[in-house]
């Protein structure tokens, strides 16, 4: 920070990420509104508190160990050597991007005049963690205990999604090298994994009382406040835009980074440090949103809940390759994602009696999964990284993006790191008798006592004359 | 406790020390405290939640009883 240009770049980058964090806060506001709007009156306040309390729980654990996992696990460990130290072990050495600097007692994890980036970058990733946990929250409303949800939120928000980010999002991740995995705006690393995790929990948790008839036919428990739901989804769109910016590095000189002698090339890059532009991803964000809305309106015959959710599903499906797609490709991919999500939601509901209360598994899980597979075909042959391009399974170099690698990547995201851990943890919590609220409480409504107290207060105030 | 007592001295030092929060060197203790608070919160809130649920479950309200509690604002 001793020359003006260097200082300007540093402070600009610090401010850039800070702004994205503020924008992404709207995702959580949106999720809270959406969930409360989708729940029934007698469960409103507990539904809100469940989603709200994931904020401190995921934040504290992200500080204590989540951030460390991201920097330690890119190698697997044991699957592909790091380009920083050549080792396949956990990255905890003295290298620049080592997890060593991100243990919670590191002096970089605080106000430090020598570091203007760690805190805002930590926060940007933390907001992704909240989103992962919040996706799960909507699916399980009206019957999960706050205790169980807190544990599951920490698991997805501070452990499993950060492992997948280290594997498939970090510039040194083994999935890029072995598989050619590419997921620029997190079709898989946030959405498919969170959708899969939610599905794993739902299998154990079971449906809300009354969701299915005795013959197994699903009943519709539609949103009780469609206005809250739709405004919530508008806010999620807004925050998602901030998320796109947060997944980029705003200014970077790729010449020296790639070892190109005498080449200076300043650009924005995606999370993998390959070039893209904010301008380009703005085209794609809006066109995939539009594709999702158009398809959602038609397939749901104008149902507002599904149309709005489809806008989100459209973006999610196109996100894996939205750093490179043409806007019309983004739009079409968004439309495909919506059809997959909508059809799969109702098929899974009927076939397996899964009660996904807000369609979270569909919008995030199935659309994200489909987006990864589509990306493998549309971006087939593009390098997954700017560093040493090589062949699949090579390990020492980076494989190109390809359909098989992306399919395996989708399986890892949705099933291996998502559904399986969700199912196992839910089984453990169920075994402890802590997963689901008592039947009598579900019938009465979780807010019964609060509402009763409010009524008594009202009566007492109404009958007073002074 | 104060890590900085004079900004001019601090910033004109040969090597400016980055960490400026109070109690530099005590981070390990702070981390242990954070773990205790985190785990403690789960224990206390889980107990509260169980008690609340047990109490409500005992009353065996019907599915529409809550409607009599709706306030008019």
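Just so it is clear, none of the values below were taken in a lab; they were calculated from the coordinates. Since we're looking at a predicted model, the values are computed, not measured. Every residue, glycine among them, receives a Cβ derived from its backbone with ideal geometry; neighbour counts consider all protein chains shown.
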Based on alpha-carbon atoms only, what is the radius of gyration of segment A:364-466 relative to the globular estimate 2.2 N^0.38 Å?
2.06
Using alpha carbon centroids, what distance separates segment B:1-70 and segment A:148-188, in Å?
26 Å
Once you keep just the Cα pairs under 8 angstrom separated by 6 or more residues, what percentage relative contact order results for segment A:318-466?
15 percent
Over the whole of A:96-104, what's the average partner chain Cβ count within 10 Å per residue? Rounded to a whole number, please.
1
Give me the distance in nm between label points sitting 7 Å out from Cα along the Cα-to-Cβ direction at residue A:397 and residue A:464, one decimal.
7.9 nm
For residues of A:179-188, the mean tally of beta carbons on other chains within 10 Å
0
Listing A:464, A:39 by rising number of other beta-carbon atoms within 10 angstrom, fewest first, gives A:464, A:39
Rounded to two decimals, what is Rg over Rh for chain B when you use alpha-carbon atoms and the Kirkwood radius?
1.45
Across segment A:85-215, what fraction of all alpha-carbon pairs, as a whole percent, falls in each successive 5 Å bin from zero upward?
2, 9, 16, 17, 16, 15, 10, 7, 4, 2, 1, 1, 0, 0
Global geometry of chain A, whether rounded, prolate or oblate, following the gyration tensor of its Cα atoms and the 1.5 cut on a/c
prolate
Could you tell me how many degrees, from 0 to 90 and to the nearest 10, lie between the Cα long axis of helix A:226-246 and the main elongation axis, the longest principal axis, of the Cα atoms of chain A?
10 degrees
To the nearest 0.05, the calculated FRET efficiency linking residue A:427 and residue A:234 through their beta-carbon distance, R0 being 30 Å, is 0.25
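Given the peptides A:335-344, A:364-373, A:390-399, arrange them by the average over their residues of other C-beta atoms within 10 Å, most packed first. Could you put the intermediate results ahead of the total?
Details: A:335-344: 23.8, A:364-373: 30.5, A:390-399: 17.0.
Packing order, densest peptide first, comes out as A:364-373, A:335-344, A:390-399.
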With 0.36 nm assigned to each residue of separation and the Cα-Cα distance removed, residue A:52 to residue A:100 gains 14.2 nm
Taking Cα atoms only, helix A:367-378 is inclined relative to the longest principal axis of chain A by an angle, in degrees rounded to 10, of 30 degrees
Computed helical MRE - 222 nm, chain A, DSSP H runs ≥ 4 contributing -39500 (n - 2.57), nearest 500:
-18000 deg cm²/dmol
Output the relative contact order of segment A:243-309, whole-number percent, from Cα pairs under 8 angstrom with separation of 6+ residues.
20 percent
Spin-label proximity, residue A:263 to segment A:380-394 - amide N less than 13 Å from point 7 Å beyond Cα toward beta carbon:
A:386-389
Please compute the average number of Cβ atoms from other chains found within 10 Å of each residue's Cβ in peptide A:438-446.
6
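What does DSSP give for the protein assembly as shown in terms of the percent of beta bridges that are antiparallel, rounded to the nearest 5?
If I count the DSSP bridges inside the protein assembly as shown, around 80 percent turn out antiparallel.
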Which peptide among A:78-86, B:46-54, A:141-149 comes first, and what is the full order, when sorted by highest mean count of other Cβ atoms within 10 Å?
A:141-149, A:78-86, B:46-54
With a cut-off of 16 Å, note down the residues of segment B:4-27 whose backbone N falls inside the zone around a label point 7 Å from the Cα of residue A:7 toward its beta carbon.
B:8, B:11-13, B:16
Largest first and in whole Å, what are the equivalent-ellipsoid semi-axes of segment A:302-347 based on the Cα gyration tensor, each being the root of 5 times an eigenvalue?
20, 11, 8
What do you get for the angle between helix A:448-462 and the principal long axis of chain A? Use alpha-carbon atoms, 0 to 90 degrees, nearest ten.
60 degrees
Per-bin percent of Cα-Cα distances, segment A:34-160 [5 Å]
2, 11, 18, 17, 15, 13, 9, 7, 5, 2, 1, 0
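Which whole-number percent gives the relative contact order of segment A:4-456, counting Cα pairs below 8 Å spaced six or more residues apart?
Normalised by residue count, the contact order of segment A:4-456 is 23 percent.
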Rank-order A:187-197, A:202-212, A:297-307 by packing density, defined as the average count of other C-beta atoms within 10 Å over each peptide's residues, highest first.
A:187-197, A:202-212, A:297-307
